[in-house]
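The values are calculated or read from the model by the stated rules, or taken from the named source; none is laboratory data. This one's a predicted model, so the numbers in the text were calculated from it and none came from an experiment. Neighbour counts run over all protein chains shown; Cβ positions are idealised from the backbone, glycine included. Calculation scope for accessible area: heavy atoms of the full protein, side chains included, ligands and nucleic acids excluded. Shrake-Rupley method; radii C 1.70, N 1.55, O 1.52, S 1.80 Å.
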Amino acid sequence: MKEKKIIYEGLITESLSNGMFRVRVDNKYIILGYISGKIRRNFIRILPGDRVKVEISRYDSSKGRIIFRLYKKD
């Protein structure tokens with residue numbers, strides 16, 4: 001059986017190398033987020049200031065996978 005992942009919304013605060021980002025999750029934690037394969041394959045750009053959905057494991061809450069970039073409201 002697959003492990004359950006926790007999904008949070010967060011804000012990209014800093015861009016690091018190799019598709020990694022600092023993400024401020026809504027509960028005020030700062031985690032290290034990396035891009036999922038679908039986002040990398042479809043060349044979706046993620047910049048500081050973007051809102052994203054992050055999938056975090058229950059075992060290691062300091063890292064997460066960015067699975068979706070939310071649309072900006074104008």
Identify all residues within segment 36-57 that are among the hydrophobic types (A, V, I, L, M, F, W, C) and either at pLDDT 95 or above or in contact with a Leu (Cβ under 9 Å, 6 or more places away or on another chain) (or both); write none if there are none. Val52, Val54
Could you say whether any residue in segment 54-66 is polar (S, T, N, Q) and not in a loop (DSSP other than H, G, I, E, B)? yes
Go through (1) acidic (Asp, Glu); (2) open to solvent by less than 70 Å² (accessible area, probe 1.4 Å); (3) outside any strand (DSSP E or B) and name the single condition Glu3 misses. (2)
Residue list for segment 59-70, restricted to those being within 11 Å of the chain's Cα centre (by Cα) and either of a type in the set (S, T, N, Q) or open to solvent by less than 30 Å² (accessible area, probe 1.4 Å) (or both): Gly64, Ile66
Qualifying positions in segment 16-28 - modelled with pLDDT of 95 or more and open to solvent by 80 Å² or more (accessible area, probe 1.4 Å): Arg22, Arg24
Give me a count of the residues in segment 29-58 that are open to solvent by 40 Å² or more (accessible area, probe 1.4 Å) and in contact (Cβ under 8 Å) with a residue 40 or more places away in the chain. 3
